[in-house]
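These notes are about the structure you will find just below.
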Amino acid sequence: MSSTAVVGLQWGDEGKGKIVDILAEEADLVVRFGGGANAGHTLVVGEQKYVFHLLPSGIVRPETRCLLGAGMVIDPSALVEEIETCHRLGLNTTGRIVISPAAHVVTEYHKAADQIGEGSDRPIGTTLRGIGPAYEDRAGRRGIPMSWLRYPERILDILSANARRIEPFARQAGVPLPPPEAETHRLVRLGAMLIPYVGDVRQTVSQALDSDKHVLFEGAQGTMLDILHGTYPYVTSSQVIAAGAATGTGLGPSAIQTVVGVAKAYTTRVGLGPFPTELTDETGDRIRDAGGEFGATTGRPRRCGWLDLPILRLAKKLNGVTELALTKLDVLAGLDRIAVATGYRIDGRVVAVPPEDPDQWAQAEPLYEWFEGFEALPKHPSTVDELPAQARRYLQAISDDLGVDVTILSLGPGRSQTLRGKIQGSPDRGV
Ligand code: IMP
């Protein structure tokens, strides 16, 4: 048995898509286990740029099978569109994509409910993809599993009840709702295209593990957006952390051997909520521009800030991280000096990790250590020694602090702009 989970350690957008794409080369199966079309993976292969929201990043590798697990919520129109994109790109999907019958359907009512919630006086800054309402309906036992896409009467029954429930709120908010009959018809039409892909994901993964195939679990979003352990209520509605790979696929926790935690060399977040190391000045703007920090799903500008070690220390524990993939180090090139938060001051006390109480967390004042900046990094280095000493020092300080080896270093969007193996930086730190 061999398996790897790839998870984001910050607030999403850490560059997991590229890391999964690289690791997918060695994988027989790539499995998404949570979230839905709120995620966005941008992959650059040669001259081509691909953005996928639902299909695992392994889809661009013709030999890799791609599975969508029970933990997901799936917008059928978005998935059909992605499958059609694959066909346009000449990628075969038959037999390569398997959708769990227990994953849930995102309907137009979920998107409307998301819009209503975001228009209220307690917005979250969601992606408006209907994710939260779809998980609410699943937990409320009024959702639609993917396997039901072949049963129009069941869908109509559920949708009629759901329409009655949200209709008064929709009317008040001025959000239009389709009639349940029309929405049923739409879902059944899309379902006809998706049902051929619905299959036993749990069993497929389990058998693959038993026959020594390599399984890669592809996380979506980032640890700080986890429904249980993130910056609640400014979180997504699914389990984001590595344990979610087990529950969201249908395996025990010991099925995951290696956990690759992906962190950007700085921090970003989209949407509302606490962000202790946020930079609202010119440096933040500069990082946003250099890093192209605009949402792959919504196009929103991302909030940018310094690297936050308390978050990474917590994320290491929450995910059981065994290896680190550090991305976008190149974006920091050209800054005179670079800060890293090494702790927080909360209520006069210094803490090393974010407290479990999100309200305390929101008052955290970061304590910084400064590092010397570095000039442009080589685009395609063959070893870490080609990097300036200041960049290697920065890298080593992060790895030492977390007690985890950096095994992937990404210096740009392309597959070739990557170093792999145990990456040793330089041991001296600070300015
Ligand atoms: P939702 O997942 O659309 O309900 O949004 C809840 C929160 O998670 C918002 O702050 C979103 O911006 C954030 N979020 C959801 N998906 C992603 C992602 O893939 N990257 C970064 N943030 C995300």
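What the table shows:
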item	result
Inter-residue pairs, beta-carbon under 6 Å, first open to solvent by less than 10 Å² (accessible area, probe 1.4 Å) and in the range 394-413, second hydroxyl-bearing (Ser, Thr, Tyr) and assigned to a strand (DSSP E or B), 6+ apart	410/327; 410/418
Residue among 320, 373 that is surrounded by fewer than 22 Cβ atoms within 10 Å (Cβ to Cβ), assigned by TED's automatic domain parsing to the domain that holds residue 272 and within 23 Å of residue 8 (Cα to Cα)	320
Leading residue by the ranking (most open to solvent (accessible area, probe 1.4 Å)) among those in the range 84-114 that are over 18 Å from residue 29 (Cβ atoms) and of a type in the set (A, V, I, L, M, F, W, C)	89
Conditions (1) at positive phi; (2) free of Cβ contacts under 8 Å to residues at least 40 places away in the same chain: number failed by residue 303	(1)
Criterion (more than 21 Å from residue 81 (Cα to Cα) and open to solvent by less than 30 Å² (accessible area, probe 1.4 Å)) met by exactly one of 210, 226	226
Selection within the range 1-53 - within 21 Å of residue 303 (Cα to Cα), among the acidic types (Asp, Glu) and open to solvent by 10 Å² or more (accessible area, probe 1.4 Å)	13
Enumeration of residues in the range 275-294 that are surrounded by fewer than 17 Cβ atoms within 10 Å (Cβ to Cβ) and within 16 Å of the ligand (Cβ to nearest atom)	292, 294
Those helices (runs of 4 or more DSSP H) lying entirely in the range 49-147 with at least 1 residues in the same structural domain as residue 163 (by TED's automatic domain parsing) and more than 28 Å from residue 213 (Cβ to Cβ)	108-118, 131-139
Which numbered condition residue 203 fails, given (1) surrounded by 15 or more Cβ atoms within 10 Å (Cβ to Cβ); (2) within 25 Å of the chain's Cα centre (by Cα)	(1)
Residues of the range 1-29 satisfying the condition of being touching a Phe, Trp or Tyr at 6+ places or on another chain (Cβ under 8 Å) and among the aliphatic types (A, V, I, L, M)	5, 6
The range 295-316 - residue that is away from the ligand (no atom under 14 Å from the Cβ) and in a strand (DSSP E or B) and, of those, farthest from residue 330 (Cα to Cα)	308
All strands (runs of 3 or more DSSP E) inside the range 320-428 with 1 or more residues being charged (D, E, K, R)	323-327, 337-346, 349-351, 365-372, 418-420
Unique residue being away from the ligand (no atom under 16 Å from the Cβ) and modelled with pLDDT of 95 or more when the list is 261, 244, 252	252
Subset tally (residues that are surrounded by fewer than 16 Cβ atoms within 10 Å (Cβ to Cβ), farther than 15 Å from residue 110 by Cβ and not charged (D, E, K, R)) for the range 152-187	8
Residues of the range 324-346 that turn out to be open to solvent by 30 Å² or more (accessible area, probe 1.4 Å) and within 20 Å of residue 278 (Cβ to Cβ), as a count	5
Residue 385 in contact (Cβ under 8 Å) with a residue 12 or more places away in the chain, open to solvent by 50 Å² or more (accessible area, probe 1.4 Å), over 16 Å from residue 307 (Cβ atoms) and assigned by TED's automatic domain parsing to the domain that holds residue 312	no
Flag for residue 282 being charged (D, E, K, R), assigned by TED's automatic domain parsing to the domain that holds residue 323 and touching a Ser or Thr at 6+ places or on another chain (Cβ under 7 Å)	no
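The values are calculated or read from the model by the stated rules, or taken from the named source; none is laboratory data. Treat the numbers as computed from the prediction; the structure is a model and nothing was measured. Ideal geometry is used to build each Cβ from the backbone, glycine not excepted, and the neighbour counts take in all protein chains shown. Areas reflect the complete protein model, heavy atoms only, side chains present, ligands, DNA and RNA absent. Shrake-Rupley method; radii C 1.70, N 1.55, O 1.52, S 1.80 Å.
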